[in-house]
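Take a look at the structure set out below.
The values are calculated or read from the model by the stated rules, or taken from the named source; none is laboratory data. Everything quoted here is computed from the prediction, not taken from an experiment. Cβ placement follows ideal geometry from the backbone for every residue including glycine, while neighbour counts extend to all protein chains displayed. The accessibility values were calculated without ligands, DNA or RNA, using every heavy atom of the protein model including side chains. Shrake-Rupley method; radii C 1.70, N 1.55, O 1.52, S 1.80 Å.
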Amino acid sequence: MEFIKTLFNFPQVHEWLGQAGYPAVYLGALAGAVLALLIAAVPILMSVCLSPSRPSAAKKAAYECGVPPVGTAREKQMVRFYVVAILFVLFDVETAFLFPWAVAYDMLGLFGLIEMGLFLAILIFGYVYAWKKEALDWVY
Amino acid sequence: MTDFIFNLFWSMVLVGGLMTVTRREPVHSALWLVATLFGLAVLYLLMSGEFLFAVQIFVYAGGIMVLYLFVIFLVAGSKEGEGRPEPKLHRVLGFVLVFLFAPIFITLLMGLKVASEPEVGPPPPAAAVAAKNDSLPEAIQLNPALLGPVEASGQKMNTLVFGTRLFSEYLFPFELVSVVLLVAMIGGIALSRKRFTSYSETEEAKMLAETVYRGVRIAPPSGEDPEQILQVFQQENLERHRHPGSDFKVFPDYEEESNDGSK
Amino acid sequence: MTMATALVSVLIQALLVMLLVLLSVAYLTYLERKVAGFIQVRHGPRHVGWKGLLQPIADGIKLLLKENLVPGAADRAVFNLAPMLVVFTAMAVLAVIPWAQGYTVADINIGLLYILSISSLGVYGIVLGGWASNNKYALFASLRSAAQNISYEIPLAMALIGAILYTGTLSMGGIVDAQERGWLVFQNPLHWIGFALYAVAATAETNRLPFDLPEAEAELVAGFHIEYSSMKFALFFMGEYINMIVVSAIAAVVFLGGWRSPVTGGFAGFWATVWTLMGILLWSAFSYGLLRLAFWKKRFLKMSLALVGLGSLLMILDLAGWKAGGGFGLLSSGFWMLLKVFLCLFAMMWARWTYPRYRYDQLMNVCWRILLPLSLGYIMLSGCFRFVANALVGG
């Protein structure tokens with residue numbers, strides 16, 4: 001009984017975890033991830049067990065609005081997507097730098113602001129280049 | 001507990017890496033690489049690198065691997081290099097590299113094993129932190145009133161410590177990064193542009209051929225014979241009619257394989 | 001207490017949160033259809049159970065018993081993995097969201113960044129789902145969708161960075177604590193820009209109309225899940241709704257003060273008083289709007305009166321500084337957090353049934369040509385404001 005009370009005294013558990021040291025705080029995140037995995041897997045397993053399975057050639061064919069499918073779907077794709085992805089990666093790296101900057105902003109003061117202004121200015125130059133070179137245009 | 005999790009993700013990194021290099025399907029390789037990167041991120045987390053954990057997933061697993069997937073889709077279906085025997089030199093070189101790097105890799109992993117128990121040592125004395133701050137040039141000194149949290153966090157490499165150190169001590173490398181990113185951006189755009197124009201041209205030609213194939217006569221491109229385009233296209237289409245993985249025919253005999261259930 | 005006890009306890013907590021979220025997802029689909037019905041002047045579902053309340057359960061059973069089709073040309077393993085990935089990435093981040101004062105499963109140091117990075121893996125569910133189906137519509141939709149998701153991730157993260165400048169921490173609990181004197185949107189009109197940027201980017205991230213290009217029915221039949229049936233199809237939808245809850249919760253925590261009531265600062269000091277008055281004004285406007293609606297459509301009357309009454313009561317108690325025991329704290333903080341999340345969700349549904357869909361090139365233009373420069377400007381302006389404020393107040 002006492003044990004169950006301890007289990008459901010959530011604030012007390014968190015206080016204990018906070019004192020237990022660094023990785024213990026992540027116990028909750030771990031529990032969340034494990035349960036998320038279970039919740040993602042169980043419905044699929046259940047439906048595999050419960051649902052009927054009567055495949056036929058027509059059912060297994062790719063759906064193309066009733067027209068028999070022609071060829072494979074895995075053809076060459078547009079290079080446009082690749083341009084978007086490369087721009088994304090660059091801005092993603094920039095974002096990764098912005099996070100610690102924002103957190104430490106009060107410590108850094110004016111110098112931090114100027115520093116980041118310079119960093120962004122150089123990248124904005126690249127952004128303007130991309131704009132001028134029509135890399136941001138989406139044309140088919 | 002920590003040990004168990006560490007071993008789990010350590011194995012995940014190893015298995016993921018092995019699967020990455022052994023899969024034939026490029027998309028599968030990329031997926032296993034994502035698993036490897038995720039495992040690595042968790043290892044960082046266990047070694048007190050909280051911020052590194054998040055950035056590893058945010059940038060590598062969530063950003064760069066998407067780029068990889070796009071590149072794989074971009075070159076999918078290209079027949080270049082298929083059926084050609086693998087050059088002998090590649091295999092030999094591969095083996096040599098494996099034997100060269102395996103010891104380094106194993107040593108590194110063993111090193112990780114020792115460090116698996118996060119060492120959050122006692123925080124450095126306030127005086128030491130203040131002295132270090134004073135030794136920096138005046139412009140990039142930290143706000144002395146706010147030094148408290150940095151001291152208290154000890155050896156933990158959390159976001160605040162990372163931020164304060166990166167933007168004061170490592171200021172020059174940080175600014176250099178922006179130049180590197182700029183170069184990458186310009187390079188990527190320049191390369192893709194060249195490819196893009198030639199690709200669209202071929203696509204246009206294909207579409208033109210298709211229009212002719214569908215029976216809609218339009219003006220042929222100068223100097224090309226529409227009849228020839230038609231023939232080539234029909235030939236290609238016949239080859240493509242086989243749908244991989246299913247025995248579904250182009251014009252199936254619906255009477256024969258009606259819904260008679262599974263066999 | 002031992003580590004095992006703590007582990008069991010956090011598992012119970014995570015399970016509670018997730019079951020509640022799953023239940024909400026079921027009833028969000030119901031709500032979505034009811035809202036659609038209201039907007040289009042028709043009834044929503046109303047035959048299964050009282051007022052159609054059992055409809056989501058009937059839908060769930062139907063989906064569970066449907067045949068599980070896998071296309072012959074599909075990549076079986078990846079085909080099964082994709083919907084699981086979508087649900088996993090959406091579910092795993094629920095653990096770091098503070099649902100009430102002191103009720104977070106894991107209040108980690110990098111909470112917000114954890115959510116962003118794990119959610120950024122969700123794009124694989126869509127790309128791989130489309131690719132594994134080996135269907136032209138699906139592959140094309142998944143590529144489009146991936147490009148959309150990664151593009152909008154940047155303004156999303158940047159809008160949050162501008163807000164983080166003011167909170168100085170990435171921990172979700174810490175962000176709420178930093179708004180002790182007033183919600184972020186009250187503290188500086190600048191954050192309205194941030195909130196608007198975030199709202200647009202988050203709508204696009206969750207693939208909701210007007211940004212639902214991934215499943216554009218008219219051009220791509222059903223988008224990346226064209227070949228999916230049965231429970232796997234349902235999982236994609238579950239993922240979408242859980243993601244909606246997650247982005248709404250982030251909006252509530254970062255911009256709208258988390259579990260704090262609108263009058264959180266009380267009358268301590270000049271600015272806190274101003275922000276409190278603004279909060280009272282906001283709540284009055286909200287109540288007025290709701291009651292207008294309720295007196296127009298009488299079927300909402302009881303519900304609206306209860307909501308306005310409870311909210312006003314809790315607000316007055318908060319102003320009076322009445323924090324008797326943990327019970328009141330949990331009730332009050334939980335009420336405000338859930339109300340904010342619900343209002344954000346409702347706004348997304350409202351938008352869905354109001355706006356037409358963007359064309360794809362317009363979608364990318366909005367992100368790269370409008371949102372990105374705006375969010376960069378927002379960050380720099382936010383930095384300047386913060387610097388000036390620090391200089392005036394004195395560190």
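Things to note:
- Helices in chain C that qualify as membrane-span-like (whole DSSP H runs, Cα extent of at least 18 Å along the helix axis, mean Kyte-Doolittle hydropathy of 1.6 or higher) are C:3-39, C:230-254, C:301-319.
- Per residue accessible area in Å² of region C:236-293, where ligands, DNA and RNA are left out and the probe is 1.4 Å: 37
- Leaving ligands and nucleic acids aside, the C/B contact buries around 2400 square angstrom of accessible area in total at a 1.4 Å probe radius.
- Going from the isolated chain to the complete set of protein chains, region A:37-53 loses at least 30 Å² of heavy-atom accessible area (1.4 Å probe) at A:LEU37, A:ILE39, A:ALA40, A:PRO43, A:ILE44, A:SER47, A:LEU50, A:SER51, A:PRO52.
- Between B:LEU93 and A:VAL128, the distance separating the two model label sites (each 7 Å from Cα on the Cα→Cβ line) works out to 4.2 nm.
- Here the label points at C:LEU281 and C:LYS51, each 7 Å from Cα along the C-beta direction, are separated by 3.4 nm in the simple model.
- Centre-to-centre, using Cα atoms only, region C:48-125 and region C:251-301 are separated by 31 Å.
- Rel. contact order, % - alpha carbon contacts under 8 angstrom, at least six apart, chain C: 21
- For the chain pair A and C, the interface hides roughly 7700 square angstrom of accessible area in total, found with a 1.4 Å probe.
- Placed amide H near C:ALA100: partners under 5 Å, 5+ positions off or other chain: none
- Segments C:198-209, B:93-104 sorted - mean Cβ within 10 Å per residue, highest first: C:198-209, B:93-104
- Remark: region A:76-140 carries 32 Å² of accessible area per residue (probe radius 1.4 Å; ligands, DNA and RNA excluded).
- Applying a length cut-off of 20 Å (Cα extent along the axis) and a mean Kyte-Doolittle floor of -0.5 to the DSSP H helices of chain A leaves A:27-50, A:79-103, A:110-132.
- Rolling a 1.4 angstrom probe over region A:1-53 with all protein chains present gives an accessible area of which 72% lies on carbon and sulfur atoms.
- For the chain pair B and A, the buried solvent-accessible surface (1.4 Å probe, both sides summed) amounts to about 6100 Å².
- For chain C, with all protein chains in place and a probe radius of 1.4 Å, 71% of the accessible heavy-atom surface sits on carbon or sulfur.
- Both the radius of gyration and Dmax for region C:71-215 are 17.6, 60 Å, in that order, over alpha-carbon atoms.
- Cα shape, region A:1-53, gyration tensor, a/c 1.5 rule: oblate
- Members of A:LYS5/C:LYS340; C:LYS34/C:LYS62; A:LYS59/C:LYS232 lying beyond 26 Å, as alpha-carbon distances in this model show: A:LYS5/C:LYS340
- Take each peptide in C:334-345, C:292-303, B:53-64, C:276-287, count the other Cβ atoms within 10 Å of every residue, and average; sorted highest first, the result is B:53-64, C:334-345, C:276-287, C:292-303.
- Where Rh is the Kirkwood radius over Cα pairs, Rg/Rh for chain C: 0.97
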